[in-house]
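S.K.: Here you go, one structure.
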Amino acid sequence: MTVNTSSNRAPNGATQQFVEQLNQQKTRIRFAVALVLSGFAALAYQVAWQRVLTQVIGSDAISMVLVVTIFMICLGIGSELAKFLVAQSQARALRLYATIEVLVAAYGIISIPLLRTINASTGAVTGDSLTADFLLNLGLLSLPIIGMGLTTPLIVHVAKESLSNVGRTVGLLYGWNIAGAAIGSLLTGLLLIELFGLRGTTLFAAGANVVAAAIAIKGLRLIPHTSQGTNATATGTKPAKIPTTAAISAVLFGFGTLAIQIIFFRVLSNYLTLSTIVFPVLLCAYLCLMSAGQWVGGQLADRYSERLPYVIAALFALGAVLLLAALAFPPEWAAYFNALRFSSFNGQLVAPEFAHLIGDPSPITVFLFSFGMMLSVMAWSGLFPVMFRLITQRIEDAGNRFARIYTLYTVGNVVGAFACGIFLLPYLGTGLSALATVLVVALGSLFVLLGNSSSSHGSRAYILLAAGAVAGLLMPTDYYRSFKFGKYEVAEVFEGRTGVATVVPTSRFYTIVDVNRTASASALNADPGPADLYEAWRWNHTDLMALDPSFRPKNILVIGIGHAYLIDAMLDLPFVEKITVVDISAEVVEAVKKYTKTSAKRIFTDPRVEIVIGDGRRFVQSAIKHGVHYDLIQNKINEPWHAGGGNLFTEEFFLEEKKLLTPGGYLSTRPLTGHLTDGLKVFHNAMWTGYYHMYFKNGEVTIADTAIVSPDIKDAWYTELAGKGPVLAHGRDTLQVAVFKEVPDALRTDPNTDDYPTFEYYWVRQLLGNWVSPRVSFQDLDFKPYFRDIPVKIQ
C-alpha cells in the first residue's frame, strides 16, 4: 500500500505554524503584562518621589517639572544604552530585563528615606536653588530610572516578529507599558499613599517590579530555540544610520509631547483647583490618551506604511486643532460638567444654585473632563510609532531602532518639560507657550516631509501642516482672563514658575488672589468695617501677650503673606524688631503688593519687614542649621489641604518649628482640629482665645487668674485698624481661653505625617464614610465645655 507522504506533511506543517502563532501570542501577552507592571511601578515611584520633593521644595509645580525632567533624561540614557544590549540574544536580553527589574525594586525599597534625608540636609545649605535641587536629585534617581529606560527596548527586541506588523507590536507593547503607568498614577494618588504611606507605596511598586521579573524569566521557555544561544536577529550588517531630518523630527515631537503635558496640567488645575486628587487622576487621563495614541499610531503605521509622512502631517494637524479647541473652551461651560471648581474662600462669589461646585471634584469628573480636554495628546502620541515605522526598514533592526527613536524622543521630552515649565510658561504665558509648542511640532512635521520628498504624500500633507500651524496662531494669549462665572471674574493674571496667580475683585473690602484658582491670599482694597470682625486686635496677638506678660516677640517669622493685614497689625507693637515673611510664590507677593490699598501696603516698605521668596519648610530647616531663632512663628496657610500645603503641618514640621523657637516662644496656626491633633503631639500644649489664632508654646503653659494689659501693649490692644492708632470705644473685660494638654476625643483627627499625609490624602476614608475632617475650625464648634473666662486688667 502506497502512503501519500506529501498529504501527511501538510497538516504537520499547519500544526507547527499554529503552535508557533500560539506561542507568539502567549509571548506577547506575557510581555504586555510585564510591561504593565513595569509601567505601574515607574509611575508609583514617580508620584511618591514627587511628593517627597514637594515636602522639600514646597511647590507641586516645580517638583513636578523636576521629577518629569529627571525621568525623561534618565529614560533617554537607558534607551540609548539599550542599543548596545539588544545586540545580544533574545534570551539573554530577557534575563537582563529581569535583573534590571529586581535592581530597580531594591532601590525603590530604600528610596524614600534616602531622598528625604539627603535633600533635607543639602537643602539647608543650598537654600532655594533650582539648579542644586535638579542636580542633586538627578544624581540620586539616575540609576533606577536609567534601568527603567532599558526595559521597554529589551522587551521590544525579544517580541519582534515581522516587518509587516512591527508598528502594531511596538504600539501595543509601548501602549500597555503606558497603560500600566496610568494605573500606577491613579492607584497611587487615590489609594496607595493614603492606605500604605509613601514608603509603603514604594514597597508595593517594588513588588510589581519583582513580579514583572518573574514573568520575564518564566517566559524564557517560549523564546524560540534558535534565539537561546546567539543573537537571532544579527545579519552581519549594521543598521543604517537614521536620517538627520528624521532624528530632528523625533526630538521636536518629543518636545511637543511633554510640553503639552505641562501646559495641560496648568490649564486643568485652573478648572479643577489644586486638590490632591487632581494630579494623579489628570496624569492617569494623560497616560491613557498616550497609550491609545500609541495603539492608533501603530495601526496607522502598518496600514499606511507607504504614506507615513502624510500620516504624520495629519496627526499633527489634528492635535493642533484639538489643542486650540481645548483652550477656546469657555470655562463657564465646565460648570455644567461639575468641572469648574471653587474653594471655600473664592466660592463666596458663586450663586447659591451652584454651591455644589465648591469643594474638591470627584475622581470621575477629573478623569472625564481631563480626557476630553486633552484629546490632542492622543493625536501627537501617535507620532511615535509612525516615526518608528518610518525609520525601520528591516525587522532585524527593530530593537535597535526602537532604542534610538526612544532616545531621541526622550531628548525632546527633557527639553520640552524643562523649557516649558521653567521658561516658556513664566515668560510667555500659557497661550503663547501653546503656540510655541504647536510651531515646534509643525517644524518636526515639516522636516519629515522634506526628508521624504520622494514619497507620495503630495500637496495635501503641506495643506494639513499649514492648517495645524494656523490653529497654533489662533491660540488665546490672555487665556485666564476668560475665567468668569457669576461674580467670579479675573481682573489680572500673574503667571510664573509656581503657577498662575489670578486677581479676582469682590464687593467686600478685599480682593482675592488665587493660585491655580485655589485661594492663596488676598489684598485689602479698603479698611474693614465693624461688621467684618477684622479689628486689628483680633490679629496682633495682644490677647496672648495679656495672658503671658513675659511674651514680647522681637523677632517674628511669618510663613505665607496671606492678606498682609496680620503683618501690618504686628508693626503697631513697639517692641517688634524684625518680621521675616516667607512666601513661595513671587506672583502672589506681586499681586498682593499691587492691589493692597490700605495701611497694609507699608509692609513692603517698612525696614523691619523682610520678604523672602522661597519655601517655608526649607527656610525653617536652613534657619535651624544656621542657629537662627524666632520668638513667634506665624504659620497660617489659608487652605492647607490643597496640594503641597499640608507639608507645612505635619508632625515632623511642627517639631522643626519648635526647634526654631526661643524658649517661651510661640507657634501660631489657624484654629483647626487637624492642627490641634498634630501640634499637641509635639508641643504637649495648645491654647485658643476665640480669635483667629491657636497657640503652641515652646515651654510650659501657665495661665494666670487675670490677663494683664500692660502699657507696652495697651495701644495695640485698643487698635481697630492697623496703623491708625487706638480707639477706646470697645472693651474686652474678659478673655475666653481654652487650654489643652491632650486632644479631646471629640476634636481628634488622624495624624498628618510626612509619610502619611492624611491632611491631603483622604479619598478612601471619605468614600467609606469614616473620614474625620481635619479642616473644621474651632469657630464652627461649640467650645463652651473647653472655655474658661479670664478677667482682663488694664494697667
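S.K.: How high is the relative contact order of the chain, given as a whole-number percent (alpha carbon pairs under 8 Å, six or more residues apart)?
M.R.: Result for the chain is 15 percent.
S.K.: At R0 = 35 Å, how high is the FRET efficiency between Lys241 and Tyr304 if r is their beta carbon distance? Nearest 0.05 is fine.
M.R.: It comes to 0.90.
S.K.: If you don't mind, there's one more thing I want to ask. What helices in the chain pass both tests, a Cα length along the helix axis of 20 Å or more and a mean Kyte hydropathy of -0.5 or higher, using whole DSSP H runs?
M.R.: Span-like helices in the chain: 5-57, 60-85, 90-126, 130-159, 166-187, 193-218, 244-272, 278-303, 308-327, 398-418, 425-451, 458-473.
S.K.: Also, quick follow-up: Quick one: compute the contact order of the stretch 569-720, relative version, from alpha carbon pairs under 8 angstrom and 6+ residues apart, as a percent.
M.R.: So the answer I get is 19 percent.
S.K.: Run the numbers for Val102 and Gln393: contour at 0.36 nm per residue of separation, minus the present Cα-Cα distance, in nm.
M.R.: 101.4 nm
S.K.: Only four residue types carry charge here, +1 at the Cβ of Lys and Arg and -1 at the Cβ of Asp and Glu. Report the dipole size of the chain about the Cα centre in Debye, rounded to the nearest 20.
M.R.: 2780 debye
S.K.: Any chance you could run the full-extension gain for Phe337 through Glu700? It's 0.36 nm times the residue separation minus the Cα-Cα distance, nm to one decimal.
M.R.: Taking Phe337 through Glu700 to full extension adds about 125.4 nm, to one decimal.
S.K.: Excluding residues fewer than 8 places away in the same chain, name every one of the aspartates and glutamates whose C-alpha is closer than 20 Å to that of Lys594.
M.R.: Asp478, Glu489, Glu492, Glu495, Asp514, Asp527, Asp568, Asp583, Asp606, Glu610
S.K.: Any lysines with Cα under 21 Å of the Lys218 Cα? List them, leaving off those in the same chain fewer than 8 positions away.
M.R.: Lys26, Lys160
S.K.: Using the beta-carbon distance between Phe575 and Asp745 and R0 = 41 Å, what value does 1/(1 + (r/R0)^6) give for FRET efficiency, to the nearest 0.05?
M.R.: So, using R0 = 41 Å, E works out to roughly 0.55.
S.K.: Of Lys578/Lys741; Lys554/Lys784; Lys593/Lys681; Lys593/Lys636; Lys714/Lys741, which pairs sit farther than 25 Å apart, going by alpha carbon to alpha carbon?
M.R.: Violating the 25 Å limit, Cα to Cα: Lys578/Lys741; Lys554/Lys784; Lys593/Lys681; Lys714/Lys741.
S.K.: Further, regarding this structure: So for the chain: antiparallel DSSP bridges make up what percent, rounded to the nearest 5?
M.R.: Approximately 60 percent, going by the DSSP bridge assignments.
S.K.: Just how far, in whole angstrom, is the stretch 359-407 from the stretch 654-718 if you go by their alpha carbon centroids?
M.R.: 54 Å
S.K.: Computed from the coordinates I sent, semi-axes √(5λ) of the Cα gyration tensor in Å equals one of [x] 37, 37, 27; [y] 57, 28, 21; [z] 74, 33, 30. Tell me the label.
M.R.: [y]
S.K.: For Ala132 and Phe423, what does the FRET efficiency come to when R0 = 25 Å and r is the distance between their Cβ atoms, rounded to the nearest 0.05?
M.R.: E between Ala132 and Phe423, to the nearest 0.05, is 0.85.
S.K.: Please work out how much length the chain gains when fully extended from Lys554 to Arg608, using 0.36 nm per residue of separation minus the C-alpha to C-alpha distance, in nm with one decimal.
M.R.: Taking 0.36 nm per residue and subtracting the Cα distance, the gain is 18.4 nm.
S.K.: Out of the total accessible area of the stretch 663-775 (probe 1.4 Å, heavy atoms of protein only), what percent is carbon and sulfur?
M.R.: Carbon and sulfur: 53 percent of the exposed surface of the stretch 663-775.
S.K.: When DSSP beta bridges are limited to those with both residues in the stretch 480-631, what percentage is antiparallel, rounded to the nearest 5?
M.R.: Close to 65 percent.
S.K.: A follow-up question, please. What share of the DSSP beta bridges in the stretch 702-795 is antiparallel, in percent to the nearest 5?
M.R.: In the stretch 702-795, approximately 60 percent of DSSP beta bridges are antiparallel ones.
S.K.: What is the Cα centroid distance between the stretch 756-795 and the stretch 323-349, reported in whole angstrom?
M.R.: Taking the Cα centre of each part, the stretch 756-795 and the stretch 323-349 sit 30 Å apart.
S.K.: How much of the accessible area of the stretch 567-642, probe 1.4 Å, is carbon plus sulfur, in whole percent?
M.R.: Carbon with sulfur: 53 percent of the solvent-accessible area.
S.K.: Right, something else. Where Lys and Arg each count +1 and Asp and Glu each count -1, what net charge lies around Phe485 among other residues with Cβ under 14 Å from its Cβ?
M.R.: +1
S.K.: Considering only protein heavy atoms and a 1.4 Å probe, what is the carbon-and-sulfur percentage of the accessible area of the stretch 32-81?
M.R.: That fraction is 83 percent.
S.K.: Pull out a ≥ b ≥ c, the square roots of the eigenvalues of the alpha-carbon gyration tensor of the stretch 586-667, then state rounded if a/c is under 1.5, prolate if not and a/b is larger than b/c, and oblate in the remaining case.
M.R.: Here the stretch 586-667 falls in the oblate category.
S.K.: Accessible area per residue, 1.4 Å probe, Å², for the chain: what's the number?
M.R.: With all protein chains present, the chain gives 37 Å² per residue.
S.K.: Would you kindly find the accessible area of Lys484, with a 1.4 Å probe and non-protein molecules such as ligands, DNA and RNA excluded, rounding to the nearest 10 Å²?
M.R.: Answer for Lys484: close to 90 Å² accessible.
The values are calculated or read from the model by the stated rules, or taken from the named source; none is laboratory data. Remember, predicted model here, so these are calculated numbers, not experimental data. Please note: Cβ atoms are built from the backbone with ideal geometry, for glycine as well, and neighbour counts cover all protein chains shown. What goes into the accessible areas is simple: the full protein's heavy atoms, side chains included, and nothing from ligands, DNA or RNA. Shrake-Rupley method; radii C 1.70, N 1.55, O 1.52, S 1.80 Å.
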